[in-house]
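Beneath this line is the structure, given in structure tokens, with notes to follow.
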Amino acid sequence: MVDLLPEQIGLWQHIEATARGHFQRAAIREIRTPLLEATELFARGIGEATDVVGKEMYTFLDRGERSCTLRPEGTASVVRAAIQHGLLSQGAQRLWYAGPMFRYERPQAGRLRQFHQIGLEFLGFADPRSDVEAIAVAWDLLADLGVQQLRLELNSLGSAEDRTHYREALVAWLSERRDQLDPDSLDRLTRNPLRILDSKNEATQALLAGAPTLADALAPESRERFARVQAGLTALGIPFQLNPRLVRGLDYYSHTAFEITSSQLGAQATVCGGGRYDGLVEQLGGPPTAAIGWALGLERLVLLLAQAQEAAAFAKQLKRADRSGAAWAVLIGDSEAEQGQVILKPLRGEPPAGDNSGEHLPLQELLERFA
Ligand code: ATP
Ligand code: MG
């Protein structure tokens with residue numbers, strides 16, 4: 001868990017204000033729920049077999065011997081609040097939230113134990129156009145913030161029935177090959193077989209190339225629905241890639257599932273993830289209610305924006321060097337400084353074909369060359 005110091009806070013406030021503006025313009029209203037919930041809510045809502053509930057929750061007994069959990073995500077709490085306060089009887093709800101979430105994970109860049117999410121939930125919307133709109137709100141927000149080179153990956157998990165059929169086919173296929181599965185996947189084979197699809201193990205990934213796919217298991221109506229979501233995104237000019245392995249970590253998803261990723265984030269590449277969860281409201285005791293939502297990780301977004309700002313500052317310095325009339329620029333970044341290297345970049349004449357990045361050389365060699 002980290003402190004956010006005054007020098008970092010500007011970027012956070014900028015993101016929060018920009019998001020608030022987008023939500024206001026789209027008539028999406030804010031909701032704030034407690035950080036602490038009864039453990040039961042997440043066990044029922046997210047699913048016992050998921051990583052989040054099985055391994056990552058901060059759970060403890062309070063002084064009244066009740067099992068409490070620091071919320072690991074926002075959707076279950078928002079749905080609980082909507083049911084508890086009868087919001088759904090007032091019509092469909094377009095809601096957003098922001099705040100800290102808690103997961104007991106191994107901390108690394110872009111993965112913390114207290115992290116922050118901004119999220120959106122559309123409750124009472126079944127039409128494929130609502131999937132498109134939800135995704136478009138996230139996409140526009142990220143574009144407006146100036147995040148570049150994003151990739152939208154899309155899949156359909158089908159209906160609960162489609163998934164039951166698929167699960168059977170997948171388990172049958174994998175069971176014949178259990179000797180080739182890594183221990184984690186073997187464990188998931190009985191607990192949560194669909195999650196094997198996004199295993200990080202390379203041998204398992206290679207094995208899965210021949211496995212039956214979810215796309216083949218979709219009923220015609222599910223397929224038609226997915227086609228309409230894709231057509232809607234295309235009509236809005238939002239590019240996407242289909243990823244048949246994208247299953248998402250939480251149990252409650254159905255039909256559309258998506259992630260927005262950036263290659264600049266290393267292993268923690270997903271900035272925003274979401275999907276449709278038509279069964280959740282009913283599962284938590286509310287009326288049958290179609291719904292779709294997403295959550296965006298603020299720490300990862302801040303990392304991306306800080307990188308972009310650095311690159312922009314760098315480009316500005318180069319422009320100044322160019323205007324100065326100098327023949328060469330010498331660039332020394334953090335990694336160069338560590339290795340005693342410099343980058344020598346010619347500012348005049350044609351750059352060597354195809355390469356504009358400059359020449360790496362040891363500092364000593366530079367000094368000799370220009371002595
Ligand atoms: P991951 O695959 O990276 O573990 P997830 O599927 O667990 O992500 P979600 O539950 O969908 O993530 O949460 C939505 C977003 O919240 C993620 O895409 C990510 O940006 C962010 N997020 C999730 N867990 C963490 C964490 N421990 N630290 C920082 N950000 C996180
Ligand atoms: Mg996770």
Quick one: would you say GLN180 is outside the structural domain of ALA257 (by TED's automatic domain parsing) and more than 25 Å from the chain's Cα centre (by Cα)?
yes
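Conditions tested, residue by residue: (1) under 21 Å from GLN117 (Cβ atoms); (2) within 16 Å of ligand 1 (Cβ to nearest atom); (3) hydrophobic (A, V, I, L, M, F, W, C).
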| site | (1), (2), (3) |
| --- | --- |
| ALA203 | no, no, yes |
| ALA206 | no, no, yes |
| GLY210 | no, no, no |
| PRO239 | no, no, no |
| ARG248 | yes, yes, no |
| TYR253 | yes, yes, no |
| ILE260 | yes, yes, yes |
| GLY273 | yes, yes, no |
| ARG276 | yes, yes, no |
Out of region 128-142, which residues are in contact with a strand residue (DSSP E or B) (Cβ under 8 Å, 6 or more places away or on another chain) and open to solvent by 30 Å² or more (accessible area, probe 1.4 Å)?
GLU133, TRP139
Per the filter on region 173-214, residues open to solvent by 50 Å² or more (accessible area, probe 1.4 Å), among the basic types (Lys, Arg), part of a helix (DSSP H, G or I) and at pLDDT below 90 are ARG191
When region 53-88 is examined, which residues are found to be within 15 Å of ligand 2 (Cβ to nearest atom) and at positive phi?
none
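This table checks each residue for (1) open to solvent by 90 Å² or more (accessible area, probe 1.4 Å); (2) outside any helix (DSSP H, G or I); (3) in contact with a strand residue (DSSP E or B) (Cβ under 7 Å, 6 or more places away or on another chain).
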residue: GLY273; (1), (2), (3): no, yes, yes
residue: PRO287; (1), (2), (3): no, yes, no
residue: GLY293; (1), (2), (3): no, yes, yes
residue: LEU303; (1), (2), (3): no, no, no
residue: ALA315; (1), (2), (3): no, no, no
residue: GLY325; (1), (2), (3): no, yes, no
residue: GLU338; (1), (2), (3): yes, no, no
residue: LEU361; (1), (2), (3): no, yes, yes
residue: GLU368; (1), (2), (3): yes, no, no
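Condition test on GLU73, is it assigned by TED's automatic domain parsing to the domain that holds GLY285, touching a Gly at 6+ places or on another chain (Cβ under 9 Å) and not in a helix (DSSP H, G or I)?
Values: assigned by TED's automatic domain parsing to the domain that holds GLY285: yes; touching a Gly at 6+ places or on another chain (Cβ under 9 Å): yes; not in a helix (DSSP H, G or I): yes.
So GLU73 fits the description; yes.
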Among the residues of region 57-100, the number that are touching a residue at least 40 places away in the same chain (Cβ under 8 Å) and within 15 Å of GLU37 (Cβ to Cβ) is 16
Scanning region 249-271 for residues that are part of a loop (DSSP other than H, G, I, E, B), away from ligand 2 (no atom under 13 Å from the Cβ) and over 17 Å from ALA160 (Cβ atoms) gives GLY266
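Out of curiosity, is LEU265 of a type outside the set (Phe, Trp, Tyr) and either over 16 Å from GLN148 (Cα atoms) or buried (at least 21 other Cβ atoms within 10 Å of the Cβ) (or both)?
Values: of a type outside the set (Phe, Trp, Tyr): yes; either over 16 Å from GLN148 (Cα atoms) or buried (at least 21 other Cβ atoms within 10 Å of the Cβ) (or both): no.
No: the conditions fail for LEU265.
Give the residues of region 131-167 that are at negative phi and outside any helix (DSSP H, G or I), sorted by residue number.
The first filter runs over region 131-167 and keeps only residues at negative phi, leaving 131-145, 147-148, 150-157, 159-167.
Matches in region 131-167: VAL147, GLN148, LEU150, ARG151, LEU152, GLU153, LEU154, ASN155, SER156, LEU157, SER159.
Could you check region 89-104 and list, in sequence order, the residues that are part of a strand (DSSP E or B), within 16 Å of ligand 2 (Cβ to nearest atom) and open to solvent by 10 Å² or more (accessible area, probe 1.4 Å)? Full working, then the answer.
Step one: list which residues in region 89-104 are part of a strand (DSSP E or B), which gives 93-102.
Next, from what is left, pick out any that are within 16 Å of ligand 2 (Cβ to nearest atom): 100-102.
Correct list: PRO100, PHE102.
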Can you pull out the residues in region 105-122 that are more than 11 Å from ligand 2 (Cβ to nearest atom), open to solvent by 10 Å² or more (accessible area, probe 1.4 Å) and at pLDDT 95 or above?
LEU112, ARG113, GLN114, HIS116, GLN117
May I ask you to list the residues in region 30-53 that are out of contact with any strand residue (DSSP E or B) (no Cβ under 9 Å at 6 or more places or on another chain) and open to solvent by 50 Å² or more (accessible area, probe 1.4 Å)?
PRO34, ARG44, GLU48
Unmet requirement for LEU170, which otherwise passes all of (1) under 20 Å from the mean Cα position of the chain (by Cα); (2) in a helix (DSSP H, G or I); (3) over 30 Å from ALA27 (Cβ atoms):
(1)
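Take PRO72 and decide whether it is within 16 Å of ligand 1 (Cβ to nearest atom) and either more than 24 Å from the chain's Cα centre (by Cα) or buried (at least 21 other Cβ atoms within 10 Å of the Cβ) (or both). If you could, list the steps in order and put the result at the bottom.
Working: within 16 Å of ligand 1 (Cβ to nearest atom): yes; either more than 24 Å from the chain's Cα centre (by Cα) or buried (at least 21 other Cβ atoms within 10 Å of the Cβ) (or both): yes.
In short, yes.
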Whichever residue in region 227-248 is assigned to a helix (DSSP H, G or I) and open to solvent by less than 30 Å² (accessible area, probe 1.4 Å) and, among such residues, is farthest from ALA143 (Cα to Cα)
VAL229
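The values are calculated or read from the model by the stated rules, or taken from the named source; none is laboratory data. The structure displayed is predicted, hence computed values, not measured ones. Reconstructed Cβ throughout: ideal geometry from the backbone, glycine too, with neighbour counts over all protein chains shown. The protein model used for the area step is the full one, side chains on, heavy atoms only, and it has no ligands, DNA or RNA in it. Shrake-Rupley method; radii C 1.70, N 1.55, O 1.52, S 1.80 Å.
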